[in-house]
Amino acid sequence: MRDRILIIITGIVIGISAIILQIFGNPANMGFCVACFLRDIAGGLGLHRTAAVQYLRPEIAGIILGAFLAALFAKEFKTSGGSSPVLRFVLGMFMIAGALTFLGCPLRLVIRIAGGDLNALIALPGYLTGIWAGVTLQKKGFTLGKPQSLPTINSIIAPVCSVLLLVLLFSAPVFIFSSTEGPGFMRAPAALALLAGVFAGVLAQRSRLCTVGAFRDPLFFKDFQLFSGILAFFSTAFAGSLITGTFNLSFSAQPIAHSDGIWNFLGMTVVGLSSVLAGGCPLRQLILSGQGDSDAFMTVLGLLSGAALMHNFGLAATSAGVSAAGGTTVILSLAVLLIIGFSIIYTGKKNTVLNTVSNRTFT
Amino acid sequence: MGSRLCITFHTTYHAIKAESILKNAGVDCSLIPVPRKVSSVCGIALQCDNAESDIIELTLSHSGIEIESTSFLDAKDFSLLSLFRK
């Protein structure tokens, strides 16, 4: 009961935060979007030069620091890592390739549906397909391996990087890029955005809100606890879009979105599949980074680097749609994710046979 | 019928494999999302009857599957303060 109430409170608070951030300046249907915010941060650091999406979004640092403080307070902060870090980095890159094709992370997917964007409704089954494919690979033997206990310094990197980002944001040195127009220029006051991020981080750490688990658990275990959090988030965002008069039920003229249905669907399939394989959606990767999981921070660094590549190579979607190169990237991403999945399953089975024949070692 | 036991593993795959091995050994068990009070990680755990804990431990040990943790699945009273306890 306690867990159910907490996750519903979390969904409502993050939903209200998203509405407030949009009222105070964040782009429409983008109160919270982990993928978009990381893309903006990549731009702010100069990792890509798309002038319209450069800003050191304080929400991301807030989420990581909120999760860090909540985990410390609840004595859940635990340094771990060493479970296929390079693969996790690559999975992060694919995750954001899919997200920047759809133009949003799973959190924004929900916000877009709540705002009446029917393109997001097409993308939702794509996300579910990706989750289904990921869990199926896990059932067949996919694993990234057991994480190890590591020296504490490993887990401090994520919160320290978050503080450094905030220092750079508020001191605004000349080498930091900041959009003067476009989505990157649409921003709520930094202090408000930081506060909203911290709230989201604290509550998501305590409740374990995860957009992958929210759909995985009802599909595979008939468990609706995590789903109730996302439902509360959706209901709040929906009520917010009605109250603020931004609700617009249509495919066309949606803010920072395109109407290429097939790429919306497949983009979110890539996000769903890579999220399951990496052990959580983009939001969850930030939360885990905050509570000491250095593997999750590798995924976040992959998200950041992937965002830079997507923009540097002109692969990210725009409101006009998805380019041929962008579409090819999505297909290749799906193919490589499946190759990674099946190669690990094959290697695992081969090792099991070898162990059974020669070693017979039991742990 | 003993109390329900929740067993967590280091990876999702091991939880799924453990269920299959235990079911083949005739143990009544099922997969569940890891309860929040057990862990802050959103993986998959195994729930089973505590009365069968010995055979479970033995079977998994012989199959080379390492158990991460075990805990009881008992309901706890709800209070606002408890939101910030593990």
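If only the Cβ of Lys and Arg carry +1 and only the Cβ of Asp and Glu carry -1, the dipole of chain A around its Cα centre is close to 920 debye.
Phi angles of the stretch A:27-36 translate, via the Karplus equation with coefficients 6.51, -1.76, 1.60 and θ = phi - 60°, into HN-Hα couplings of x, 4, 6, 9, x, 9, 8, 4, 5, 5 Hz per residue; Gly and Pro are given as x.
Coupling constants for the stretch B:53-61 follow from the phi torsions by the Karplus curve (6.51 cos²θ - 1.76 cosθ + 1.60, θ = phi - 60°), and in residue order they are 4, 5, 5, 5, 4, 5, 4, 5, 4 Hz; glycine and proline get x. Working value for the stretch A:74-136: equivalent-ellipsoid semi-axes of 28, 16, 12 Å, each the square root of 5 times a Cα gyration tensor eigenvalue, largest first. Here is the list for the stretch A:133-176: chymotrypsin sites (Phe, Trp or Tyr not before Pro) lying in DSSP coil, each with at most 12 other C-beta atoms within 10 angstrom of its C-beta, are A:F175.
Working from label points 7 Å from Cα in the Cα-to-Cβ sense, the A:Y346 to A:T244 distance is 4.9 nm. Scoring A:96-106, B:15-25 by mean Cβ neighbours within 10 Å over their residues and listing the highest first yields A:96-106, B:15-25.
In percent, rounded to a whole number, the relative contact order of the stretch A:236-335 is 30, using alpha-carbon pairs under 8 Å and six or more apart.
The value obtained for the stretch A:189-259, namely the Cα convex hull volume divided by the number of residues, is 139 Å³ per residue. Amide H contacts of B:A45: B:I32, B:V34, each under 5 Å away and 5 or more positions distant or on a separate chain (H built 1.01 Å from N in the peptide plane; Pro and chain starts excluded). Across all C-alpha atoms in the stretch A:119-214, the radius of gyration and Dmax reach 19.1, 51 Å. Please quote Rg/Rh for the stretch A:24-175 to two decimal places, taking the Kirkwood radius as Rh and restricting both calculations to Cα atoms. Answer for the stretch A:24-175: 0.99. Annotation note: trypsin sites (Lys or Arg not before Pro) in the stretch A:161-244 located in DSSP loop regions with a Cβ neighbour count of at most 12 within 10 Å are A:K222.
Peptides A:249-255, A:178-184, B:37-43, A:326-332 ranked from most to least packed, by the mean per-residue count of other Cβ atoms within 10 Å: B:37-43, A:326-332, A:178-184, A:249-255.
The value of relative contact order for the stretch A:163-279, using C-alpha pairs under 8 Å at least six residues apart, is 13 percent. Histogrammed with a bin width of 5 Å, the alpha carbon distances of the stretch A:215-363 distribute as 2, 7, 10, 13, 16, 18, 15, 9, 4, 3, 2, 1, 1, 0 percent, first bin at zero. The stretch A:223-265 has equivalent-ellipsoid semi-axes of 24, 18, 6 Å, by the square roots of 5 times the alpha carbon gyration tensor eigenvalues, sorted largest first. Across the stretch A:61-72, computed HN-Hα scalar couplings (Karplus, 6.51 cos²θ - 1.76 cosθ + 1.60, θ = phi - 60°) run 4, x, 4, 5, 5, x, 5, 4, 5, 5, 5, 4 Hz from first to last residue, x flagging Gly and Pro.
Against the empirical 2.2 N^0.38 Å (N residues), the stretch A:1-81 has a Cα radius of gyration ratio of 1.33. Take A:304-311, A:340-347 and order them by the average number of nearby Cβ atoms within 10 Å per residue, most first; the result is A:304-311, A:340-347. Once C-alpha pairs closer than 8 Å and six or more residues apart are averaged by separation and normalised to the residue number of chain A, the relative contact order reads 36 percent. Among the chymotrypsin sites (Phe, Trp or Tyr not before Pro) found in the stretch A:196-233, not one is both in a DSSP coil and sparsely packed, with 10 or fewer other Cβ atoms within 10 Å of its Cβ. For peptide B:36-48, the mean count of partner chain Cβ atoms within 10 Å of a residue's Cβ comes to 5. Annotation: amide H-H contacts under 5 Å for B:E68 (H modelled 1.01 Å from N, sequence separation of 5 or more, or interchain): B:T8, B:F9, B:H10.
Scaled against 2.2 N^0.38 Å for its residue count N, the alpha carbon radius of gyration of the stretch A:3-46 is 1.41. Scaling the Cα radius of gyration of the protein assembly as shown by the globular reference 2.2 N^0.38 Å produces a ratio of 0.96.
Laboratory data are not the source of any read-out in this text; all were calculated from the coordinates shown. Remember, predicted model here, so these are calculated numbers, not experimental data. Glycine also receives a Cβ, built like all others from the backbone with ideal geometry; neighbour counts cover every protein chain displayed.
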